[in-house]
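The values are calculated or read from the model by the stated rules, or taken from the named source; none is laboratory data. Just so it is clear, the structure is predicted and the values come from calculations on it, not from any experiment. Note that we place each Cβ from the backbone using ideal geometry, even for glycine, and neighbour counts take in every protein chain shown. The protein model used for the area step is the full one, side chains on, heavy atoms only, and it has no ligands, DNA or RNA in it. Shrake-Rupley method; radii C 1.70, N 1.55, O 1.52, S 1.80 Å.
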Amino acid sequence: AKAAGRRTYMRYDDSMEATIRRRATLAGALHKALDRGELHVVYQPRQSLATSRITGAEALLRWSSPEHGEIVPAEFIPLAEENGMILEIGEWVLREACLALQRWRQHGLDGLTISVNMSVLQLLRGDFAGVVRRVLDDTGVPPQALELELTESVLMANAAQTAVKLHAFRELGVSLAIDDFGTGYSSLAYLKRLPITTIKIDQTFIADLGHEPEGAAITTTVVAMAHGLGLNVVAEGVENQVQADFLALHHCDEIQGYWVSRPLDAVACMAFIRNRQPP
Ligand code: C2E
Ligand code: CA
Ligand code: CA
Ligand code: CA
């Protein structure tokens, strides 16, 4: 028994070491990934429930490494945040996303919004509003067509500092969304004071619709609260008709998820949006 216990302990130790080694290897590879063209951006459409029109898309980062295969953002974005690379990568994603939107606009697709995820490091860095303004200038995207997504935990962890930064973005004219809403610990009073425009209900609550009563209670409450504050509400991770119907019935504004479309490359997304526009 003693030997077995010891073996178990050793195995645990080995796997910890393997995890640390993989993180170090990936962090090193990530340094070269951007220059080598291993990163790319995919776009997931968002749909209005009232009109069925596609309102825009969210930019999602992908890493296809020749050595390590497809690595999901949940694994490499924390690494990029740790070593500061997220600043460079984040600016690149922002530029790519704006270039894609501008191409769609040049092909006659109007009134679309491009949403880009922002890490806390980007937000707190001195001149990120300046970076955003420059990217908008360079690409020709109007500020109204850009939405920046921030997670709730980010906003709450740096409350005073973020409020100041967010006002700078709003002055630029870009929209601000709270991502993964409901998973953090927002004070509703605080929410009222932030210059946000959109709330994205976290997909865990949407997954519960039709199964757990809490999912429906939280969803309907968030929609009512958001509308009371004059905010746009998006449901994330919508995968089936039951969920979409429930959200439409309860006046959620927009849905995003596999039910509308998987994330697509820029060309495929443009074709998708065009096919869905009313004639
Ligand atoms: P997120 O911002 O909450 O993005 C939504 C995630 O849900 C995406 O995962 C998307 O592919 C996935 N998803 C969309 N529809 C469905 C659905 O119907 N069902 C299910 N089960 N999942 C769905 P992804 O692309 O793996 O991204 C994971 C997270 O990585 C994102 O969560 C975001 O926090 C972060 N991320 C992605 N791209 C960027 C980026 O450019 N910058 C930063 N800072 N973070 C990013
Ligand atoms: Ca997001
Ligand atoms: Ca989210
Ligand atoms: Ca998330």
Practice item. State the antiparallel share, in %, of DSSP beta bridges confined to the chain, rounding to the nearest 5. Key: 40 percent
Exercise for review: Return the carbon/sulfur percentage of the accessible area of region 98-199, one whole number, probe 1.4 Å, all protein chains in place.
Suggested key: 52 percent
Revision key, fill the gap. Largest fluctuation, Ile54, Ile71, Ile20 only, Gaussian network model of the chain with Cα springs under 10 angstrom, belongs to Ile20
Exercise for review: May I ask for the angle, rounded to the nearest 10°, between helix 213-228 and the longest principal axis of the chain, with both axes built from Cα atoms and the value confined to 0 to 90°?
Suggested key: 50 degrees
Review point. Once you charge only the Cβ atoms, +1 for Lys and Arg and -1 for Asp and Glu, what is the size of the charge dipole of region 141-195 about its Cα centre, to the nearest 20 debye?
Key: 280 debye
Review point. Put +1 on the Cβ of each Lys and Arg and -1 on the Cβ of each Asp and Glu in the chain; which of Gly90, Ser52, Met225 then has its Cα farthest toward the positive end of the dipole?
Key: Gly90
Point to revise | Highest-MSF residue in the chain out of Leu155, Leu94, Leu79 [GNM, Cα springs under 10 Å] | key: Leu79
Practice item. Evaluate 2.2 N^0.38 Å with N set to the residue count of region 117-199, then give the Cα radius of gyration divided by it. Key: 1.04
Point to revise | Over the chain: helical MRE at 222 nm, DSSP H runs n ≥ 4 each giving -39500 (n - 2.57), nearest 500 | key: -16500 deg cm²/dmol
Exercise for review: Would you please give the residues with an amide H less than 5 Å from that of Leu231, counting only those at least 5 places away or on a separate chain, with H modeled from the backbone geometry?
Suggested key: none
Revision key, fill the gap. Connecting every pair of Cα atoms under 10 Å apart in the chain and solving the GNM, the largest mean-square fluctuation among Gln47, Gln243, Gln106 falls on Gln106
Exercise for review: Please give the solvent-accessible surface of Ile201 in Å², to the nearest 10, using a probe radius of 1.4 Å with every protein chain present.
Suggested key: 0 Å²
Review point. For the chain, what is the largest minus smallest coordinate of the Cα atoms on each principal axis, given in angstrom and ordered from greatest to least?
Key: 68, 47, 41
Check your understanding: How much of the calculated P(r) for region 108-265 lies past 23 Å, in percent of all Cα pairs?
Key -> 40 percent
Practice item. Starting from the Cα gyration tensor of region 79-150, multiply each eigenvalue by 5, take the square root, and state the resulting semi-axes largest first in whole Å. Key: 23, 11, 10
Check your understanding: Using the alpha-carbon atoms, what tilt in degrees (0 to 90, nearest 10) does helix 266-276 show relative to the longest principal axis of the chain?
Key -> 40 degrees
Review point. Which whole-angstrom value gives the distance between the alpha carbon centres of region 41-106 and region 208-263?
Key: 22 Å
**Study point:** Where Arg21, Arg105 fall by accessible area, highest first, once all protein chains stay in place (1.4 Å)
**Key:** Arg21, Arg105
Study note, to complete from the structure: Mean accessible area per residue over the chain (1.4 angstrom probe, all protein chains present, square angstrom) is 50 Å²
